[in-house]
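Worksheet for the structure shown next.
Any read-out appearing in this document is the output of simple, stated calculations on the displayed coordinates, not a laboratory observation. What you see is a predicted model, and the numbers here were worked out from it, not measured in a lab. For neighbour counting, all protein chains shown are included, and Cβ atoms are generated from backbone atoms with ideal geometry for every residue, glycine included.
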Amino acid sequence: MKKKIPLAILEILQPIIDKNLDLVKPIKSQDCIFYLIDNDEQSDLYFKIVRQEASSNKEGYIIEYKPTSRNNIKSASHWTDLKGINAFLSAWLKIISDYNVIQTIYDDPILRSNQERFEKEFKLMDEDANTSSFDLKQQLFLDEYLETAKSKLIALKANAEPAKIIELDELEAEAAKIKDDLTRQTKGQIFQRLTKFWAKAQKVGLEVIKELLVSVTTEIAKQLLLGGK
């Protein structure tokens with residue numbers, strides 16, 4: 001796939017992307033040279049390098065991105081050279097980052113505070129957290145943990161109220177999604193999804209977070225933060 005992208009683009013963009021893998025993910029597409037989307041599953045924000053196109057005898061590229069700016073949530077399309085791609089992508093990533101930081105009435109303060117506490121408790125110190133996946137032993141541990149979590153969530157639904165069953169269904173679906181992505185995402189991406197998963201579980205109820213985390217806290221710390229030592 002990489003050899004279908006001009007080397008000059010990779011040399012400019014890859015260092016920027018490596019520093020922002022917690023914000024975005026690449027998408028394989030036959031319709032454009034390069035395609036990034038916001039990591040937030042509820043977001044439709046994206047950045048594309050659509051095609052090469054010369055202008056006034058100068059080699060360049062058509063780019064498309066959303067949002068247009070901090071003041072405009074619509075998409076935009078422009079011709080630009082390589083330096084322009086760098087500038088446009090950096091500005092777009094800054095907007096994504098600022099969206100993730102700002103707290104609004106659309107955010108759940110309890111969910112966010114729960115997640116922040118889990119992030120502090122299980123702080124991921126690995127220098128390669130944003131560029132490498134967990135090793136095989138860690139992936140196997142997480143695969144087993146998430147499979148067990150799904151089983152426990154199914155058991156909890158047996159005597160739950162209808163409203164709580166919906167929340168438990170959502171947690172079960174998220175556990176399955178994380179499990180499927182263990183080999184495809186970086187340590188940082190998986191860690192962020194786990195802390196959000198636990199944050200949601202804590203909000204659903206103490207009996208839920210006790211089933212999903214309390215009994216395995218030490219083992220999770222050992223396997224993920226100490227490399228299984």
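After finding the eigenvalues of the alpha carbon gyration tensor for region 103-145, what semi-axes result from the square roots of 5 times each, listed largest first in whole Å? Numbers along the way, then the final one.
On the way: eigenvalues 150, 36, 21 Å².
Sorted largest first and rounded, they come to 27, 13, 10 Å.
What is the local net charge at residue 34, summed over the other residues whose Cβ is closer than 12 Å to its Cβ (Lys, Arg +1; Asp, Glu -1)? Intermediate values should be presented prior to the final figure.
On the way: positive: 2, 4, 28, 48, 51; negative: 31, 64.
The answer is +3.
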With 5 Å bins from 0: P(r) over region 61-141, alpha-carbon pairs, percent: 3, 11, 13, 15, 14, 14, 14, 11, 6, 0
Nearest-20 debye value, the chain charge dipole, Cβ charges on Lys, Arg, Asp, Glu: 400
Cα-based Rg / Dmax (Å) for region 15-58: 12.9, 41
Using θ = phi - 60° and Karplus 6.51 cos²θ - 1.76 cosθ + 1.60, couplings along region 204-214 (whole Hz; Gly, Pro as x): 5, x, 4, 5, 6, 5, 4, 5, 8, 9, 3
Debye log10 I(q)/I(0) at q = 0.21, 0.24 Å⁻¹ for region 147-213, Cα point scatterers: -0.81, -1.02
In Hz, Karplus ³J(HN,Hα) per residue of region 45-53 (6.51, -1.76, 1.60; θ = phi - 60°; x = Gly, Pro): 7, 8, 9, 10, 9, 6, 6, 7, 7
Kirkwood Rh and Cα Rg combined as Rg/Rh, the chain: 1.03
Förster-model FRET efficiency, 35 Å R0, residue 75 and residue 140, C-beta, rounded to 0.05: 0.25
Peptides ranked, highest mean first, by Cβ atoms within 10 Å: ranges 106-114, 176-184, 18-26: 18-26, 176-184, 106-114
Between region 160-229 and region 125-151, the alpha-carbon center distance in angstrom: 11
Computed over region 111-169, Cα set: Rg, Dmax in Å: 15.6, 44
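Classify region 101-229 as rounded, prolate or oblate from the Cα gyration tensor: take a ≥ b ≥ c as the square roots of its eigenvalues, call it rounded if a/c is under 1.5, otherwise prolate when a/b beats b/c and oblate if not.
Verdict is oblate for region 101-229.
With 24 Å as the limit, write out which pairs from 120/222; 3/187; 25/210; 25/66; 25/177 have Cα-Cα distances beyond it, or answer none. Let's see the in-between values first.
Working: 120/222 15 Å; 3/187 26 Å; 25/210 32 Å; 25/66 15 Å; 25/177 15 Å.
Flagged as over cut-off: 3/187; 25/210.
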Protection proxy ranking, peptides 93-104, 188-199, 136-147, average beta carbon neighbours within 10 Å, highest first: 188-199, 136-147, 93-104
Ellipsoid semi-axes in whole angstrom, largest first, where each is sqrt(5λ) of the Cα gyration tensor of region 2-125: 31, 17, 12
